[in-house]
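Here the structure comes first, spelled out in structure tokens, and everything after it is commentary.
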Amino acid sequence: MMATRRALLKSGACALAAVAMPPRFLARVADAAEARGKVLVAVFQRGAVDGLSMVIPHGDPGYYASRTSIALARPRQGDADIALELDGFFALHPTLAPLLPLWRERTLAIVPACGSPDTTRSHFDAQDYMETGTPGVKSTPDGWLGRAAGVLPAGRVTPFRSVALGTQLPRILRGDAGAIALRSLDRFEVRTTTEVSTSKGFESLYQQGIQDLLHGTGRETFEAVKMLKSAGAARLTPANGAQYPRGRFGESLRQIAQLIRADVGLRIAFTDMEGWDTHVAQGAEQGQLANRLRDFGAGLAAFARDLGDRMSDVVVLTMSEFGRTVAENGNRGTDHGHATAMFVFGGSVRGGRLYGRWPGLAREQLFESRDLAVTTDFRTLFNEVATRHLAVPATAGLFPGWTPAAPLGLIG
Amino acid sequence: MSAWRGRLALGLLPLALVGCAAAREPAAATAERAAPVPDDAAALHVLQRVTYGPRPGDVARVRAVGVGAWLERQLDPDRIDDTAVEQALRALPTLTMSIADLQRDYPRLDPELQRKLASGEMTPRELREQYPTDKRPGRIVAELQTARMLRAVNSERQLQEVMVDFWFNHFNVFANKGEVRWYVTAYERDVIRPHALGRFPDLLRATARHPAMLYYLDNWLSVRPGYTVRTGPNQGRRAGLNENYARELLELHTLGVDGGYTQADVTEVARAFTGWSINRPRQDAHFVFRPGTHDVGEKRVLGYSIRAGGERDGEQILDLLAGHPTTARFIARKLVRRLVADEVPPALVERVATAYRTTGGDIRAMLRVIFAAPEFQAPAAAGAKIKKPSEFVVSATRAVGATVDARGAWALARATAEIGEGLYEAVPPTGHADRAEAWVNPGALLSRMNFALALADGRLPGVRSDLGTLVGDADRRQPRAVLEQLLTGLLHGRSSPQTRAVLIAQLDQPEITRLTADDRGPANTDVGKLAALVLGSPEFQRR
């Protein structure tokens, strides 16, 4: 952790120089090509989303055989209330309709059977493994996005290089490069009733002194506050008529878009969404899961719309710790399973198609006779996005102890 | 201290900055008196760990009784008079109500009213008249959050409060999942609280049978594979196992995720708990065992054969788990992490686990081992833990000697949520984290500073800080003297030279020190601003 903060301190000096003269700083950003580095937005569906309901394998007879009450009906031309056809074998959940234009524009790719080689069905462990990028190894101190932030090709380094929207810094962003967690851009400041010197007082308290987690974070905090204020990110309203769904997820994506558009040097953003652990009354076209998916799809689509042309620099990657049982359980829900579906869109993603082998839903094809098998190791997908989109050097070894497999080829 | 000496102190500031011995400063006498003598240090340390932080005068009180005697008193909360806080809690009627009464008096929105509102037959105002906000289910959770904060700030039974928080988090339920909001009051009151300093196996058994847990982890719906529903809206439907509770029972409540169980064990445990359900969940929800939905076959769990039959199957599993050495170690580790350090000393974990095994999971016995441990008392342990949001908020409130009523406690609960720890609002069964990395980040740190400002400025409704008592007889025209009192009162002399130097430098700010009209010297010190800086300092984030 100490090394972390020291590295940060160095980066902080650049940031401080940048904020000293706001107008020139902004002008410089506009013409510096490097300042518009590629951006990766990672979205974690915490609680294990049922991939089979997001991307429905209606062409697999095992799907309907295993799910008597929660299967979505086969798509029908012209019926928007039921599953939406993708390729004749897979269909999209109807509440994810806002993502369909991205699929048609060939910018949305789907990996339908992605997951971890580790077999744990513990939410906590599986999330940890997906965030550290080291399945089965608990001692990894940092996250794979945190490591990626440390090896990005040269570019502007600001306190906003890595940002998580939320009250806690997730494991995935921890690392020597440092990262910011914040819940709201509006409230990211010291609020006093009077003068500003109290803020300076707090700042000084963390300026000097020992190198530890608290002091390092404190220094980082005040650099970031100043930069954010001068960039005016919080004042940007959604562009292109984008409408974010109400609630934390929509708010998080809206603010990530603000940070991107304000050119504060954001390269890696993270947000998450809870409520996917549908053990009971999961629903099908409508119901509990559909309601979550509606926010999920609407949020992602609004984000793409808000950024408009800027999406050519941005890739959004969704993930979840594992999928759910192929068969529904005794309560019209699903229990913890194995592989799940992940989405990738934006940037130079070769979309409009699915990647990775479909393992099949016949009993003998299932993992441990109950779950969708993993045919794409999540590291294959994540590594490809990191190296091809963010240009993290392949030699950086983002995923210790793993030899990269052949890439899926989903990024052009 | 005279005026010129105060100014001289400011002049000598650079000395402090280069790390010169504090003894050179004119104010050294105060500073040295503030540095804790050994007895004070021990008293301070137990107050930081066993309570929600010292109030003014607490260190002296603990020292007067003796640390050992004071700890024993805390271990026996029923003998501590707590009438003042009990009195204050009467403002919160839901705390003592049964699940049945809560379901009746704080009902869900009538679908008919909802329809009328949607169709425009009824205005929102008319709805509020017929369905007042203080009679809605949200009120139940709000009162519970308020009560938790009220007790944390004001209760004399501080160890009990710390352990209630610890065990609730260990056996977490999310208050806003379905029916849980009507159950969670009873869950804390009847399950967590009575056993917080009791025996772990009793606590485990009580959680397993409570509607809050049965609902939160879905066990109430888990039935034997192939069961066909006989009555009700789902009549004729086939139902079966739900392994949610079984898995978390093993992973989070007892053995721990590395506890050596397999997926087959999870399924077998789920089979054993079929039939453990909730009777009349929307009326007077209570535990029921339904023999008709129970899987009667033999189960094999962790290599043992379970064939007690009926309700006894589940009980036998709980006995097996509560008596398992892996559970002892898992619970010991978690207690040590909370009370000693994030990086747990392994030898201490082993000793606490031994206490668990030899006493049948007596929580008091485990705590006594921890409190007596050299690892607990070591100087390195002092300040080793970063306060989690609730600990920060409550400790700051206690440190400034604030008076808090129910409205104030609600403000504290909201502040805690703003910093990231919504009470009863942790969605996953893991509850809230108990490690520094989870709580230290820029957004949360700013929220802490903003809370410190709001608290010290008296901007929190229902929270009245008593900064006057804290600075005592210090002359407000002597900013340095005021600061020394605050450092003593809030940090107990545990301020680093850097923090001290920065704060001394701040005394020059017009915001902190207002000068006389003729600019000849300090006229008044803004104690609130200065206190906020101390509460927002790195040292105050530790316990």
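None of the figures in this text is laboratory data; all of them are computed from the coordinates on show. Bear in mind that the values here come from a model prediction, so they are computed numbers and not experimental data. Cβ coordinates were reconstructed from backbone atoms using ideal geometry, including for glycine residues, and neighbour counts include every protein chain displayed.
What shape does chain A have by the C-alpha gyration tensor, where a ≥ b ≥ c are the square roots of the eigenvalues, rounded means a/c under 1.5, and otherwise prolate means a/b greater than b/c and oblate the rest?
prolate
How large is the dipole of chain B about the Cα centre if only Lys and Arg carry +1 and Asp and Glu carry -1, each at its Cβ, rounded to the nearest 20 debye?
Values: 72 positive and 64 negative charges, 69 e Å.
It works out to roughly 340 debye.
Report ³J(HN,Hα) in whole Hz for each residue of the stretch B:412-429, in order, from the Karplus equation J = 6.51 cos²θ - 1.76 cosθ + 1.60 where θ = phi - 60°; Gly and Pro get x.
5, 5, 5, 4, 4, 5, 4, 7, x, 10, x, 5, 6, 10, 6, 6, x, x
Work out the charge dipole of the stretch B:329-467 with +1 on the Cβ of Lys and Arg and -1 on the Cβ of Asp and Glu about the Cα centre, then indicate which of B:420, B:379, B:348 is farthest towards its positive end.
In the stretch B:329-467, that residue is B:348.
What net charge is computed for the residues neighbouring residue A:329, neighbours being all others with C-beta under 10 Å from the C-beta of residue A:329, Lys and Arg scored +1, Asp and Glu -1?
Working: positive: A:324, A:332; negative: A:328, A:335, B:218, B:243.
So the environment of residue A:329 carries a net charge of -2.
With +1 on each Lys and Arg Cβ and -1 on each Asp and Glu Cβ, and nothing else charged, work out how big the dipole of the protein assembly as shown is about its Cα centre, in Debye to the nearest 20. Don't skip to the answer; put the middle values down first.
On the way: 118 positive and 104 negative charges, 183 e Å.
Around 880 debye, computed over the protein assembly as shown.
For the protein assembly as shown, give the share of DSSP beta bridges that are antiparallel, in percent and rounded to the nearest 5; count only bridges with both residues there. Write out the running numbers ahead of the final one.
On the way: 31 of 53 bridges.
The answer is about 60 percent antiparallel.
Might you report the magnitude of the Cβ-based charge dipole of the stretch A:301-412 about its Cα centre, with Lys and Arg at +1 and Asp and Glu at -1, to the nearest 20 debye? Intermediate results must be reported in sequence, preceding the final value.
Values: 11 positive and 11 negative charges, 48 e Å.
Charge dipole, the stretch A:301-412, about its Cα centre: 220 debye, nearest 20.
Just to confirm a number: summing +1 for Lys and Arg and -1 for Asp and Glu over residues other than residue B:299 whose beta-carbon lies under 10 angstrom from that of residue B:299, what do you get?
Residues close to residue B:299 contribute a combined charge of -2.
Need the full-extension length gain, residue B:190 to residue B:319, defined as separation in residues times 0.36 nm minus the C-alpha distance. One decimal, nm.
Working: separation 129, 0.36 × 129 = 46.44 nm, distance 2.06 nm.
Separation in residues times 0.36 nm, less the Cα-Cα distance, equals 44.4 nm.
Along the charge dipole of chain A, which of A:269, A:95, A:73 sits closest to the positive end, that is, farthest toward it, with unit charges on the beta carbon of Lys, Arg, Asp and Glu (+1, +1, -1, -1)?
Going by the charge dipole, the pick is A:269.
Under the rule of at least 5 residues apart or a separate chain, name every residue whose amide H is placed under 5 Å from the amide H of residue A:47.
Those lying under 5 Å, H to H, from residue A:47 are A:321.
How far apart, in nm, are two points set 7 Å out from the Cα along the Cα-to-Cβ line at residue A:394 and at residue A:281?
5.1 nm
From the phi of every residue in the stretch B:372-386, what ³J(HN,Hα) in whole Hz does the Karplus formula 6.51 cos²θ - 1.76 cosθ + 1.60 yield, where θ is phi - 60° and glycine or proline is x?
8, 6, x, 5, 6, 8, 4, x, 5, 6, 5, x, 6, 9, 7
Excluding residue A:49 itself, what net charge comes from residues whose Cβ is under 13 Å from its Cβ, given Lys and Arg +1 and Asp and Glu -1?
-3
Tell me, what ³J(HN,Hα) does each residue in the stretch B:352-360 have, in order and in whole Hz, if you take phi through Karplus 6.51 cos²θ - 1.76 cosθ + 1.60 with θ = phi - 60° and put x for Gly and Pro?
So the J values, rounded to whole Hz, are 5, 5, 4, 4, 4, 5, 6, 10, x.
For each of B:330, A:378, count neighbouring Cβ atoms within 10 Å of the residue's Cβ, then give the residues from fewest to most. Each step should come with its number before you reach the end.
Working: B:330 23, A:378 26.
Result, fewest neighbours first: B:330, A:378.
So for the stretch B:411-505, taking the charge dipole from beta-carbon charges (+1 Lys/Arg, -1 Asp/Glu), which of B:481, B:462, B:429 sits furthest toward the positive end?
Value computed over the given set: B:481.
Scan around residue B:199 for amide H atoms under 5 Å from its own, H built in the peptide plane at 1.01 Å from N, and keep only partners 5 or more places away or cross-chain.
Hits under the 5 Å cutoff: B:363.
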